1. To the nearest 20 debye, what charge dipole does chain B have about its Cα centre, counting +1 at the Cβ of each Lys and Arg and -1 at the Cβ of each Asp and Glu?
2. From the mean inverse distance of alpha carbon pairs (Kirkwood) and the Cα radius of gyration, derive Rg over Rh for the protein assembly as shown.
3. What distance in nm separates the simple spin-label points at A:Arg3 and A:Thr264, each placed 7 Å from Cα in the Cβ direction?
4. What is the distance, in nm, between label points placed 7 Å from the Cα along the Cα-to-Cβ direction at B:His145 and at A:Ser246?
5. By how many nm would the segment from A:Ala299 to A:Ala253 grow when fully extended, if each residue of separation counts as 0.36 nm and the alpha-carbon distance is taken off?
6. State, to one decimal in nm, how far the label point of B:Ser107 lies from the label point of B:Glu198, with both points 7 Å from Cα in the Cβ direction.
7. Starting from the amide H of B:Gly42, placed 1.01 Å from N in the peptide plane, find each other amide H under 5 Å away whose residue is 5 or more places distant or on another chain.
8. Given charges of +1 on the Cβ of Lys and Arg and -1 on the Cβ of Asp and Glu, with all other atoms neutral, how large is the dipole of segment A:264-377 about its Cα centre, in debye to the nearest 20?
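The values are calculated or read from the model by the stated rules, or taken from the named source; none is laboratory data. This is a predicted model, so every value here is computed, not measured. Here the Cβ positions follow ideal geometry from the backbone for every residue, glycine too, while neighbour counts run over all protein chains shown. Protein only, heavy atoms only, side chains kept; ligands, DNA and RNA dropped before computing areas. Shrake-Rupley method; radii C 1.70, N 1.55, O 1.52, S 1.80 Å.
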Amino acid sequence: MIRLVLAYLAERKLTTALNILLLAISVGMLILLLQSTRQLEERFLDGAENIDLVVGAKGSPLQLVLSSVYHLDQPTGNIPRTALAELRGNPMVSSAIPLALGDNFRGFRIVGTEPALVDLYAAELAAGRGFAQSAEVVIGAEVAAATGAALGQLFIGSHGFAEDGGEQGHDATPFVVVGILAPTGKPVDRLILTSMESVWDVHGIEHSDTEGSGSQHGHSEAGQSQAADDMEHHSSDADITAILVSYRSPAAAVRLPASINRDTALQAASPARESTRLLTLFEPAIEALSLLGLLLGGAGAFAIFVTLWNAVRAREGDLALLRVMGANRASIFGTVLLEGVIIALLSALAGLLFAHGLLWFASQSYRSVAEAGISPFRFYPEEVWIVAGAVMVGMVAALLPAWHVTRNNLAPILDRN
Amino acid sequence: MPRLTDATDIPDVVPALNLANIHHGYGEVSILRDFNLSMAPGQQRLLIGPSGSGKSTLINLICGFLRPDRGTIRVAGKLISEGSEATRDAVRKAHIAVVFQALRLVSAIDISANLLLAARLAGLRSSRQEALGLLTELGIADKAHARPHQLSHGEAQRAAIARALIAQPALLIADEPTSALDQTNAENVGAMLLRLAEAHGTSLLIATHDDRLRPFFPAVTELKSTVEGSAQ
């Protein structure tokens, strides 16, 4: 009977394809929404897991969090190195890790920081060792995979965060890869970590061991033609871009950000709060798209119903014949039901492929998608429910035609010539 | 009104078909009244009558799609005129095959698949080889992979006969098998059905209005046109 059902579907290829397409778009859209929201949520939650507060230059708190925690946006500016010492001296602070941003290698950000950042993202070395000397770097797993960089590899960083900023390379001061991190699924996978001193040295900025005492020479005059570039580049002092803070106690969450924002020229932003705010901004769009997906699902179900209804009416003679040849009502009912289920199952599988294929295409084609850490190869249990829901839709759409055909009075149908 | 023409009563042999005292009608119109018919296993019989004489009604009654108002119908000894639908389905599935005037080959699948579908529905595990053997017997082996619409009427009719025979029925019913054929082809089809029924040990009941088939059949049951509310 399955072969017969498949033959019926193949007999009307275009209608079957249209039915599959309609429901597949619905399934694909729902899976796409699920994938993008869940992956972004996880990315935001995991990425900021051990970071309670980000301190940086005044500006948009969301921008500060995105640029310093998730490495997705431009920094808000630089802050003096003295801020780091002040925070470390604050009894409410458990740890404070500085970041110096501004350069990239093939689009992957070079981050001047301290070895403790690796622990903050709970990353582990897959090969080599941590950076110790100036110009030594530890690269994230995705950087290693994308660039093919191995231990001992030399490379030259470029100004800015965009891959095409290579015309302003730091030719005189190449970096050397001394360590490669194991994959974490966190932003650190896409980072090139080095010491603060490395970043300053590359830019020819003088610095001393005493935090906050640096002075510049030789870098700021090079390639400063655009305002946007200026923002990306380091200022003339041995400044830092941001500080990632962990609280000593939960009580600090109330007092520390407020005091920084109120009493200093710095800005303090909570990653958890900003992430939630960002995701909340997407909620109406996600809900609207979900509704559209469900409406398309309804349209797909109706299309299957109309198709099967017309098919069983056109096929009354065939189905009556099956009864003559020995099929009972239940198997006739099952035949029509199976047709709906097969259409729905093919739609669900096509939708699944479509959604993951689109994610793959987007991650290959759009840097922002890759930077957001969206992977086409992640699967969620909810996808099984979406597929099961689509199959149920096909089954429900086929119920009435299936019931109708089993109610047929066979004698007059068989009498027709 | 149709009435008993002849009935075969062979002691100790279960008839392939037995209709006893059948009454059936639609509202005030009586189609069959006190109708009796018995066919021994392997017997071939012509059921002849004009349009409206009740041939189709009789086929529907024998297949269990209609229930007689009175009387009993047994196929291979199994009661098909009474009982649940499942019971009647089971009797039909095991013992009856029909070649319809409209042939009703399933258009979505090829001829060999039509045969295998019939075998499966009859509960048999016939192989493609067996199907091909039957098609060879009927002279259309080269059409095994053709779709029904690619066949001539004659080929399609032979395919429909092969599909009926592969189910190994105790009773093969053919409804108007020669209606659209000229004299020569009608005689050929009649002869072919008789030969195949005999070769396969199947009882054959042909329902027709075609008098040309009469000389081929030793056993003939005549149905006459009905008149509303009464019998002729």
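1. It comes to approximately 540 debye.
2. Across the protein assembly as shown, the Cα-based Rg/Rh ratio is 1.32.
3. My value for the distance between the label points is 7.8 nm.
4. 7.0
5. 11.6 nm
6. 3.8
7. The list, which skips near neighbours in sequence, is B:Ser203.
8. 200
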